Amino acid sequence: MFDLRLSPEQLEIRDTVRDFVEREVKPLTLKPERLEAFDRPLLGELLDQASRLGLRTLALSEDAGGAGADALTCCIVTEELAAGDPDIAAVLGHTAAIARLLERAMTSEQRGRFLQQLVRDDAFHLVLAGPGVPTVQSGREWVLNGAVTAVANATVAKLFLVRTEAGTLLVPRDATGVAVREQTGDWYHGSCGEVTFSNCHVSAANLAGAVGNIAPILPAISLGIGRAAYEAALDYARLRVQGGKPIIAHQAIAAKLAGIAISLEVARAAVWRAAWASDHPEAVADRSLPDLPLAAVAEAYAPEAMLRAVKDAAECFGAMGVMRDMPLHKYVRDARICLHSGEGSGGAKRDLAAAITG
């Protein structure tokens, strides 16, 4: 049964992450000097702090050292982190989502070698690359030659999962023949880069089973950005006085805030439903859910809706909304990145159209 009530464990995780964001993340990310800067490097120390909370390994089973969190819990955590910093949310979200798939694809021997490193090392992140890297089997080794661009987490990862026709090759970052170049440009959250394999030899013992696509995290990230903008606009509307009363008491501002609240609730419903469906495929089989790619629905709707929401939130600030030392211009930029990252909402709509037309 699809239940909108969160479990006590989910509520505790959400509140812990929300408190961490309020105490540790926002005081740094909302500093005027960081808001004004054009170059905003990844906050590595905060990323490690979040890892120490167990957020990086959240989706691993308890036997492997994680919390056994489901996809919905991971979406909730991603939204909370993104309300403070989308870059941290993106890095941790990708690693958690990949780790969940990796554990299922590994042999017991591989789990002993790699998952223990993942659990022990707070800076151990994962990358999912390919398909598309040419691989040739040579005796008891696989040889990789080729490059993959726009790879999420590339510059911070210590283990690369390279999808091939034979399965998934586990390639350590320090393997001979692996080179990473940071992606230029602003259209990504977190870490992104180009990974090149040059005559890279990988033991056949590092071949795991097939790994599918990770659960989409961009809709949850965009949701966190939209909520942060809404909360900022709400606080400002209660403080700013115009015509002898707070501007929230003016119908135009109140209606705009109501529209943002509606967009947030609808987007969150789409994200949560897609997350729940990913853990309950039987709900499609028994026709409880439509036979549609619900993740694509969330990916198509949430980023577009949240960009409109943050623009409306900025309008509540009037001219102050475009000042570089105010957070609203940051939220607009962050929301645009979600809309255009990867294949963007257009790619999700194409996937949905393909499913509808058969």
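The values are calculated or read from the model by the stated rules, or taken from the named source; none is laboratory data. Remember, predicted model here, so these are calculated numbers, not experimental data. A quick note on method: Cβ atoms are made from the backbone with ideal geometry, for glycine too, and the neighbour counts reach across all protein chains shown. The protein model used for the area step is the full one, side chains on, heavy atoms only, and it has no ligands, DNA or RNA in it. Shrake-Rupley method; radii C 1.70, N 1.55, O 1.52, S 1.80 Å.
Would you pick out the residues in segment 43-66 that are in contact with a Gly (Cβ under 7 Å, 6 or more places away or on another chain) and either touching a residue at least 40 places away in the same chain (Cβ under 8 Å) or crowded, with 17+ Cβ neighbours inside 10 Å (or both)? Steps first, answer last, please.
Narrowing segment 43-66 to residues in contact with a Gly (Cβ under 7 Å, 6 or more places away or on another chain): 57-62.
Once the filter is applied, which keeps residues that are in contact with a Gly (Cβ under 7 Å, 6 or more places away or on another chain) and either touching a residue at least 40 places away in the same chain (Cβ under 8 Å) or crowded, with 17+ Cβ neighbours inside 10 Å (or both), segment 43-66 yields THR57, LEU58, ALA59, LEU60, SER61.
State whether the residues of segment 311-333 include one that is open to solvent by 50 Å² or more (accessible area, probe 1.4 Å), of a type in the set (Ser, Thr, Tyr) and either over 26 Å from GLY93 (Cα atoms) or at pLDDT 90 or above (or both).
no
For segment 17-34, name all the residues that are hydrophobic (A, V, I, L, M, F, W, C), surrounded by 15 or more Cβ atoms within 10 Å (Cβ to Cβ) and in a helix (DSSP H, G or I).
Those that are hydrophobic (A, V, I, L, M, F, W, C), surrounded by 15 or more Cβ atoms within 10 Å (Cβ to Cβ) and in a helix (DSSP H, G or I): VAL17, PHE20, VAL21, VAL25.
Residues of segment 7-16 being among the hydrophobic types (A, V, I, L, M, F, W, C) and either under 20 Å from ASP325 (Cβ atoms) or surrounded by 16 or more Cβ atoms within 10 Å (Cβ to Cβ) (or both), which ones?
Passing the criteria: only ILE13.
So ASP39 ticks every box in (1) part of a loop (DSSP other than H, G, I, E, B); (2) free of Cβ contacts under 8 Å to residues at least 60 places away in the same chain; (3) surrounded by 13 or more Cβ atoms within 10 Å (Cβ to Cβ) but one. Which box is left unticked?
For ASP39, the exception is condition (3).
From the list LEU289, LEU218, LEU294, LEU234, which residue is at pLDDT 95 or above and either surrounded by 19 or more Cβ atoms within 10 Å (Cβ to Cβ) or not β-branched (Val, Ile, Thr) (or both)?
Exactly one of LEU289, LEU218, LEU294, LEU234 is at pLDDT 95 or above and either surrounded by 19 or more Cβ atoms within 10 Å (Cβ to Cβ) or not β-branched (Val, Ile, Thr) (or both), namely LEU234.
Could you pull out the residue among ALA275, ALA285 that is free of Cβ contacts under 8 Å to residues at least 60 places away in the same chain, closer than 21 Å to LEU72 by Cβ and of a type outside the set (Phe, Trp, Tyr)?
Every option except ALA285 fails the conditions.
On the given criteria, is ARG227 of a type in the set (Lys, Arg) and open to solvent by 50 Å² or more (accessible area, probe 1.4 Å)?
no
Checking ARG5 against (1) in a helix (DSSP H, G or I); (2) without any contact (Cβ under 8 Å) to a residue 24 or more places away in the chain: exactly one of these is not met. Which one?
(1)
Considering only residues that are without any contact (Cβ under 8 Å) to a residue 12 or more places away in the chain and hydrophobic (A, V, I, L, M, F, W, C), which ones fall in segment 204-243?
Result: LEU239, VAL241.
Tell me yes or no: at least one residue of segment 245-263 is buried (at least 19 other Cβ atoms within 10 Å of the Cβ), of a type in the set (Gly, Ala, Ser) and part of a helix (DSSP H, G or I).
yes
Inside segment 156-166, can you point out the residues that are open to solvent by 30 Å² or more (accessible area, probe 1.4 Å), out of contact with any Asp or Glu (no Cβ under 8 Å at 6 or more places or on another chain) and not in a loop (DSSP other than H, G, I, E, B)?
ARG163
I need the full set of residues from segment 42-68 which are within 11 Å of VAL119 (Cα to Cα) and assigned to a helix (DSSP H, G or I), in order please.
The answer is SER51, ARG52.
Yes or no: segment 78-88 includes at least one residue that is at pLDDT 95 or above, over 19 Å from ARG336 (Cβ atoms) and of a type in the set (Val, Ile, Thr).
Scanning segment 78-88 turns up no residue that is at pLDDT 95 or above, over 19 Å from ARG336 (Cβ atoms) and of a type in the set (Val, Ile, Thr).
So that you can scan it fast, the table gives a plain yes or no per residue for (1) touching a helix residue (DSSP H, G or I) at 6+ places or on another chain (Cβ under 8 Å); (2) under 30 Å from THR29 (Cβ atoms); (3) open to solvent by less than 50 Å² (accessible area, probe 1.4 Å); (4) modelled with pLDDT of 90 or more:
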| site | (1), (2), (3), (4) |
| --- | --- |
| ALA154 | no, yes, yes, yes |
| LEU170 | yes, no, yes, yes |
| GLY177 | no, no, yes, yes |
| GLN183 | no, yes, no, no |
| TRP187 | yes, yes, no, no |
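Taking the residues in segment 264-285 that are among the hydrophobic types (A, V, I, L, M, F, W, C) and farther than 26 Å from ALA82 by Cβ as candidates, determine which candidate is surrounded by the most Cβ atoms within 10 Å (Cβ to Cβ).
Selected residue: ALA283.
Output the qualifying pairs, or none if there are none: Cβ atoms under 7 angstrom, residues six or more apart or on different chains, first residue in segment 140-156 and farther than 18 Å from LEU126 by Cα and of a type in the set (Phe, Trp, Tyr), second residue part of a strand (DSSP E or B) and open to solvent by less than 20 Å² (accessible area, probe 1.4 Å).
As it stands, the answer is TRP142/LEU169; TRP142/VAL202, since those pairs meet every condition given.
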